[in-house]
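Written below as structure tokens is the structure these notes are about.
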Amino acid sequence: MQLLPTSREAKIPLLVVHTHRHLDHRAGDGQFANVANVQVAGYDLASVKKFYGFSDWPNGTAVINLGDRQVDVIPTPGHNETEVSFYDRNTGLLFSGDFLLAARLLVDDSKAYSASAERMANFVRYRPVSYVLGGHIEKGANGNLFPWQSQYHPHEHQLQLSKQEVMALPEAFHHFNGLYSEVGPFVFMDSMRILAVCGIFILIVLVVIVSMLVRFVRRRQASSRQQIARRDSLESNSA
């Protein structure tokens, strides 16, 4: 709050918005509860549509009017259904949240992600972009990914990406296989599908193991019955 500029001896109002509703992007909202001159935008899809005035989500764009500064709001669902990106006209900064970043691009909805990639590329095509700023870094400066959920990032990749990468995203995403793909500088993955495939594989392995155990037990039982039958037959012949 101390960083807010002062206008006419009072702090200017603070508006808190989110790129999407995942907890790591909104967990700090509580600190603004009951703070004067602070408005926190809702993060569920209905609140996002209402706050920005989207009548045909995810089509169209919206504007946050800050007086002499305007920020465009571009719907970019695909990582999450509530995802939006922000373009600051004054600086040319594009805040892309988890939709585009120097990290694994986690895809929740492939169809929505593809459409958002096209929408984003079309939006910036004839606009100046100084930097694309995502929400995370998961790469080293050499382009290699750090281990999943690693908290140790020596020599990490710079945060900012370029307009060129925004323009290249739609074509690159066309090569996504639906599970995990590395295409140029991009790493696409659908973690839920991967978990589902792993779950199915584990289930198949368990079924095979159980089936083999059942067959083994049945063979042992059959062998035991045969041995008992032969023993009874020998005893009967001896008698």
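Any read-out appearing in this document is the output of simple, stated calculations on the displayed coordinates, not a laboratory observation. Since the structure is predicted, the reported quantities are computational estimates derived from the model, not experimental observations. Ideal geometry is used to build each Cβ from the backbone, glycine not excepted, and the neighbour counts take in all protein chains shown.
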**Asked** Counting each DSSP H run of 4 or more residues in the chain as -39500 (n - 2.57), what helix-only mean residue ellipticity at 222 nm follows after dividing by all residues, to the nearest 500 deg cm²/dmol?
**Response** -12000 deg cm²/dmol
**Prompt:** Whose amide H sits under 5 Å from the amide H of I137, counting only residues 5 or more places off or on another chain, with H placed in the peptide plane?
**Reply:** none
**Request:** Could I have the simple spin-label model distance between A141 and V208, label points 7 Å from Cα toward Cβ, reported in nm to one decimal?
**Result:** 4.6
**Message:** So I have (i) 11.4; (ii) 22.7; (iii) 12.9, and one of them is mean projected area of the Cα convex hull in nm² calculated from this model. Which one is it?
**Reply:** (ii)
**Fill in**
For Q70, the net charge from surrounding residues (Cβ-Cβ under 9 Å; K, R +1; D, E -1) works out to -1
